[in-house]
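S.K.: Would you mind keeping the following structure in view while I ask a few things?
Where a number appears in this text, it was derived from the coordinates with a stated rule and is not lab data. What you see is a predicted model; the values in this text were computed from it and never measured. Cβ placement follows ideal geometry from the backbone for every residue including glycine, while neighbour counts extend to all protein chains displayed.
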Amino acid sequence: MRLLKTALLASAACAIAAPGFAADLSRPVPYTKAPIAEPISAYNWSGFYLGANAGGKWSSFDQDFRSGTLLPLAISGDSNASWLAGGQLGFMWQTGQFVFGVEGDIDATHLHNSFTAPIGVVAPFVAGDTFAVKNDWQASARGRLGWAFDRTLLYVTGGGAWANVKTTATFVPVVGVNALTVLTNNRTLFGWTVGGGIDYGIAPGWSIGAEYRFTRFENGNNGTTFGSVGALPIAFDTHLDTNEVTARINYHFNYAGPVAARY
């Protein structure tokens, strides 16, 4: 009898609890939204930058020396290979993967070449006359167009360029014509330059890179007055072609702020 009562009470308790348990099962489980990671910012190429460069340079000089309508003396040849080192300042603006910019730079260098007139040259030049040319600095102002892959930037560049060219000519004495004469001209030539390079962001605000450029300088074909040897006026034209490869490092001031990555 006692077992029967216990069974009846247990059955009644289950009947009372069952609706509540079923109600609990029918309630939706609350949804908790998983946190979404913040987008990672891509390397930003926009803004001002300041840096330094160093590398190697090689060139070819062409100079024509003349006196009036007499046959000119043409001098040409490759100069010595030289170092160059200096700095650059620029600004870039990035939109999408395109990067536009302007840059100015100035470098010290040490190109030089010399030539001695051989036997058989045409008057007023004589065997033993020597000619030397030297380049100590260069500068440029250029535009830049680049394509960025996050931290990697490929670009082309071009614009105007300036360089000093010092020319020295030593004319040996000729009886009845001239004593030993040394003429010197130091002037700044204007030209154009084109090239390209790669920059890579190594840390926030810093990048390293490499650049190649070809540059042509010339003072035109009208001739530069040089001086006189005895009573004979001397003029000359100068053409200078240079090739250079430099390693670069820049600090970027991040003028425009971070560029958000797209997903």
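S.K.: So what's the range 55-258 giving for Rg/Rh, alpha carbon basis, Kirkwood Rh from the mean inverse pair distance?
M.R.: 1.14
S.K.: Please state the charge dipole magnitude for the range 55-258, taken about the Cα centre, from unit charges on C-beta atoms (+1 on K and R, -1 on D and E), reported in debye and rounded to the nearest 20. It would help to have the intermediate numbers written out before the result.
M.R.: Values: 11 positive and 15 negative charges, 35 e Å.
With only Lys, Arg, Asp and Glu charged at Cβ, the dipole is about 160 debye.
S.K.: Using modelled amide H (1.01 Å from N, peptide plane; none on Pro or chain starts), what sits under 5 Å from the amide H of N219, excluding residues fewer than 5 places away?
M.R.: So N219 has HN proximity to T238.
S.K.: Can you sort E211, E218 from fewest to most other Cβ atoms within 10 Å of each residue's own Cβ?
M.R.: Least to most surrounded, the residues fall as E218, E211.
S.K.: Let me ask something else about it. Using Cβ contacts closer than 10 Å as the measure, can you line up I208, I234 from fewest to most?
M.R.: On the way: I208 15, I234 23.
The fewest-first ordering by Cβ neighbours comes to I208, I234.
S.K.: Which one, A123, F171, S228, is farthest towards the positive end of the dipole of the range 115-246 when Lys and Arg carry +1 and Asp and Glu -1 on their Cβ?
M.R.: Looking along the dipole axis, the top candidate is S228.
S.K.: Also: Got a sec? How would F48, F115 order by Cβ neighbour count within 10 Å, fewest to most? Numbers along the way, then the final one.
M.R.: On the way: F48 15, F115 19.
Sorted ascending by nearby Cβ count, the order is F48, F115.
S.K.: With unit charges on the beta carbon (Lys/Arg positive, Asp/Glu negative), name the residue among L154, Q88, A74 whose Cα is farthest towards the positive pole of the charge dipole of the range 55-258.
M.R.: Q88
S.K.: Quick one: which residues, 5+ away or cross-chain, put their amide H under 5 Å from the amide H of G227? H built at 1.01 Å from N.
M.R.: Result for G227 returns I234.
S.K.: Moving on. With the contact rule set at Cα under 8 Å and sequence spacing of 6 or more, what percent relative contact order holds for the range 55-258?
M.R.: Values: 534 pairs, mean separation 39.9, N = 204.
Once divided by the residue count of the range 55-258, the mean separation gives 20 percent.
S.K.: Could you tell me whether the range 70-150 comes out rounded, prolate or oblate from its Cα gyration tensor? Rule is a ≥ b ≥ c as square roots of the eigenvalues, rounded for a/c under 1.5, then prolate if a/b exceeds b/c, otherwise oblate.
M.R.: It is prolate, given that a/c is not under 1.5 and a/b is the larger ratio.
S.K.: Something else about it: HN-Hα J couplings of the range 48-63 from phi, Karplus 6.51/-1.76/1.60, θ = phi - 60°, integer Hz, Gly and Pro as x?
M.R.: The phi angles translate into 7, 8, 9, x, 10, 9, 7, x, x, 8, 9, 7, 10, 9, 9, 9 Hz.
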